[in-house]
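The values are calculated or read from the model by the stated rules, or taken from the named source; none is laboratory data. In this text the structure is predicted, and so the values were computed from the model without any measurement. Cβ placement follows ideal geometry from the backbone for every residue including glycine, while neighbour counts extend to all protein chains displayed. The accessibility values were calculated without ligands, DNA or RNA, using every heavy atom of the protein model including side chains. Shrake-Rupley method; radii C 1.70, N 1.55, O 1.52, S 1.80 Å.
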Amino acid sequence: MLLDWLAASALSVAINESTWIFPVVEALHLCGVALFGGAVLVVDLRLMNLGLKQIDTQELATSLRPWTIGTGVLLFASGVVLFVAEPWRMYMSTAFRFKFLILIIWIFYAFTLRRKTIDQETALNKVLAGLCSMFMLLLITFAGRWIGFS
Amino acid sequence: MHPLAAWLEQTPFSIALRESLFIYPVLATVHVVSIIWFVGLIAILDLRLLNAVLTDRDVLQISSKIKPWALAGFIVLMLSGAILLAANPPRLYLSFWFRLKFLLILLGAVNAFWFHFRAGADLFKSARGTGAISLILWLGVIFLSRMIAFDWFACGRTMPDWIAWFSGCS
């Protein structure tokens, strides 16, 4: 099984034998959470006509896109390493499954509806889009923390 | 151990925090969410100071719009942090990582105040420095926070003398 292969991999063994690799990668993951979350939050707030009101939503989103994607990559890379460290535990974890599910939904949502709404004029759609995105990220954050408690 | 930390630990409030099944997770989540809120928003301002995003837009305008939101996030962060501290005062008081984190928070606050109270022209000469220092310090705080959970430098363990001194181990 893939999970057994991952658990036996050199990377997984190295992480589990080291005292510092997992904490450092996890800390990097958290830094990514703050930076990525902030970039998304700024746009979500703008969709709700809060925060950087003087800047066009589209301009804001476009300007932040490289940073958002970059921090997203950091999150994903560190996340993969964290998963490889204990594949079975993550796979069996309800918290992890929930987090991953909402994350997939959010990514799909962000690249489709949310991006379309950024270009739209309708205030209500924008507010809903902002709230929806923020709510999903809140769930992901909560689930991520929940993994640590389970 | 500091008498205040010892006293705080035996108060009903502190005991209730430790005994509750859900308060600590909720508090921890609030703390993490407000980290995203504060550090995430400040990072955008720092990126502007570093001329990395929104380069056509005025720095002071962006700053004035972000600061109230960032400040609100910071307040929630400090409040949730204070309650988390109250749940286990002695451990955190004697924690090497927590003390270092607190020091970095102070430095970060000083840096933020310095930026806030500077005026006009000379702002832009050191804007990049302020932005870089801000990012490094606040990310450093997050990094150190994660280390708190690990007991490598708990008092009584073998560690370099300066770490034992800094942690307040007697």
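Observations on the model:
- Restricting attention to the stretch A:111-143, the residues that are in contact (Cβ under 8 Å) with a residue 12 or more places away in the chain, more than 14 Å from A:Val43 (Cα to Cα) and of a type in the set (S, T, N, Q) add up to 1.
- Some residue of the stretch B:57-79 being at positive phi and within 14 Å of chain A (Cβ to nearest Cβ): no
- Candidates B:Ile66, B:Ile62, B:Ile133, B:Ile142: the one that is closer than 30 Å to B:Ser20 by Cα and β-branched (Val, Ile, Thr) is B:Ile142.
- Count - residues of the stretch B:49-66 that are more than 19 Å from the chain's Cα centre (by Cα) and under 15 Å from A:Gly51 (Cα atoms): 10
- Residue check for B:Ala5: open to solvent by less than 20 Å² (accessible area, probe 1.4 Å) and either of a type in the set (Gly, Ala, Ser) or away from chain A (no Cβ under 14 Å) (or both): yes
- Looking only at the stretch A:77-88, and only at residues there that are under 13 Å from the mean Cα position of the chain (by Cα) and more than 16 Å from A:Leu137 (Cβ to Cβ), the one that is least open to solvent (accessible area, probe 1.4 Å): A:Ser78
- Positions within the stretch B:46-78 being more than 14 Å from B:Leu139 (Cα to Cα), in contact (Cβ under 8 Å) with a residue 60 or more places away in the chain and either crowded, with 21+ Cβ neighbours inside 10 Å or touching a Pro at 6+ places or on another chain (Cβ under 9 Å) (or both), in sequence order: B:Arg48, B:Leu49
- Members of the stretch B:24-39 found to be open to solvent by less than 20 Å² (accessible area, probe 1.4 Å) and free of Cβ contacts under 8 Å to residues at least 12 places away in the same chain, listed by number: B:Thr29
- Number of the condition not met by A:Gln58 [criteria: (1) within 21 Å of B:Leu139 (Cα to Cα); (2) touching an Asp or Glu at 6+ places or on another chain (Cβ under 9 Å)]: (1)
- Some residue of the stretch A:65-76 being part of a helix (DSSP H, G or I), open to solvent by 20 Å² or more (accessible area, probe 1.4 Å) and among the charged types (D, E, K, R): yes
Conditions tested, residue by residue: (1) among the basic types (Lys, Arg); (2) more than 12 Å from every other protein chain (Cβ to nearest Cβ); (3) at negative phi.
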site: A:Ala7; (1), (2), (3): no, yes, yes
site: A:Phe22; (1), (2), (3): no, no, yes
site: A:Ala27; (1), (2), (3): no, no, yes
site: A:Gly32; (1), (2), (3): no, no, yes
site: A:Leu35; (1), (2), (3): no, no, yes
site: A:Leu45; (1), (2), (3): no, no, yes
site: A:Gly51; (1), (2), (3): no, no, no
site: A:Ile55; (1), (2), (3): no, no, yes
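- Criterion applied to A:Ala27, A:Ala39, A:Ala10 was being of a type in the set (A, V, I, L, M, F, W, C) and open to solvent by 40 Å² or more (accessible area, probe 1.4 Å), and the one residue passing it is A:Ala10.
Results for (1) open to solvent by less than 80 Å² (accessible area, probe 1.4 Å); (2) hydroxyl-bearing (Ser, Thr, Tyr); (3) not in a helix (DSSP H, G or I), shown as yes or no for each residue.
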| site | (1), (2), (3) |
| --- | --- |
| A:Met90 | yes, no, no |
| A:Arg97 | no, no, no |
| A:Tyr109 | yes, yes, no |
| A:Leu113 | no, no, no |
| A:Lys126 | yes, no, no |
| A:Ala129 | yes, no, no |
| A:Leu137 | yes, no, no |
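- Looking across the stretch A:99-150, the residues that are more than 14 Å from every other protein chain (Cβ to nearest Cβ) and hydroxyl-bearing (Ser, Thr, Tyr) come down to A:Tyr109, A:Thr112, A:Thr117, A:Thr122.
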